Amino acid sequence: MEHLEQLREWVKESNNIVFFGGAGVSTESGIPDFRSVDGLYHQQYDYPPETILSHTFYRKKTDEFYRFYRAKMLCLDAKPNAAHLKLAQWEREGKLKAVITQNIDGLHQAAGSRVVLELHGSVLRNYCEQCGASYDAEYILHSEGVPACTSCGGSIKPDVVLYEEGLNQRTLADAVRYISEADVLIVGGTSLAVYPAAGLLDYYTGSKLVLVNKTPTPRDSIANLIVQGSIGEIFSQLD
């Protein structure tokens, strides 16, 4: 496969790769995404998932938010797949500088990646809105109703960016810096439909922008290389 060979060559030659990934990186670990045919957006609930996962809904119907959140967002048995493992390997080898992810599952860290910029936060971190105490995802999963702080009784909120909430500005600034300095930028498993995250591609000034996805994206026209297919299968064929 000619495109795969080109990607292999670019990876081999570079020691300044940055990876920017979305839901497609996690679906191969069994975590449902939002926009594919069998993703969460196409299942039936009393409210659309994007409504439930909004700041307004969280504030107004916190009980219902947590019913959905426990059932659909906490996939704590998921394991890293070939893509996660390859990225961690490249970092160890000094080839990859950072992983920038829209995912909230912590699988990149589980695979061994250390420089991971989580644009949308992580389900593994939760905090009391009153006193700031930290709680893990297991505590949320096994709690009932609105999880309460054992120290002060305050409500616990996941450290994830809900719809209507802004991204962490420091994380965003770090992502811009890594992308703007990258030699090779590999974008994988994302529809590039969610802003401001998708707009990060505009900060890349190099000539090796690689898009790895099962389907076309709105940014295909600016890519230097497009490799279509399963990201896990593709990455497992790279050195």
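The values are calculated or read from the model by the stated rules, or taken from the named source; none is laboratory data. Quick caveat: nothing in here was measured; it's all calculated off a predicted structure. Every residue, glycine as well, gets a Cβ built from its backbone with ideal geometry; the counts of neighbours run over all protein chains shown. Side chains are part of the model used for accessible areas, which takes the heavy atoms of the whole protein and leaves out ligands, DNA and RNA. Shrake-Rupley method; radii C 1.70, N 1.55, O 1.52, S 1.80 Å.
Details
- Test for Leu167: is it within 27 Å of Pro48 (Cβ to Cβ), in contact (Cβ under 8 Å) with a residue 12 or more places away in the chain and open to solvent by less than 70 Å² (accessible area, probe 1.4 Å): yes
- Hits in region 206-239 (condition: part of a loop (DSSP other than H, G, I, E, B) and either of a type in the set (Lys, Arg) or under 15 Å from Glu5 (Cα atoms) (or both)): Lys208, Lys214, Arg219, Asn224, Gly229, Gln237, Leu238, Asp239
- Hits in region 48-92 - residues which are of a type in the set (Lys, Arg) and either part of a helix (DSSP H, G or I) or at pLDDT below 95 (or both): Arg59, Lys60, Arg67, Arg70, Lys72, Lys86, Arg92
- Condition met for Asp105 (open to solvent by less than 40 Å² (accessible area, probe 1.4 Å), under 30 Å from Tyr47 (Cβ atoms) and of a type in the set (Asp, Glu)): yes
- Lone unmet requirement of (1) touching a strand residue (DSSP E or B) at 6+ places or on another chain (Cβ under 8 Å); (2) surrounded by 19 or more Cβ atoms within 10 Å (Cβ to Cβ) for Val115: (2)
- Within region 55-75, tally of residues that are open to solvent by 10 Å² or more (accessible area, probe 1.4 Å) and either touching a strand residue (DSSP E or B) at 6+ places or on another chain (Cβ under 8 Å) or basic (Lys, Arg) (or both): 10
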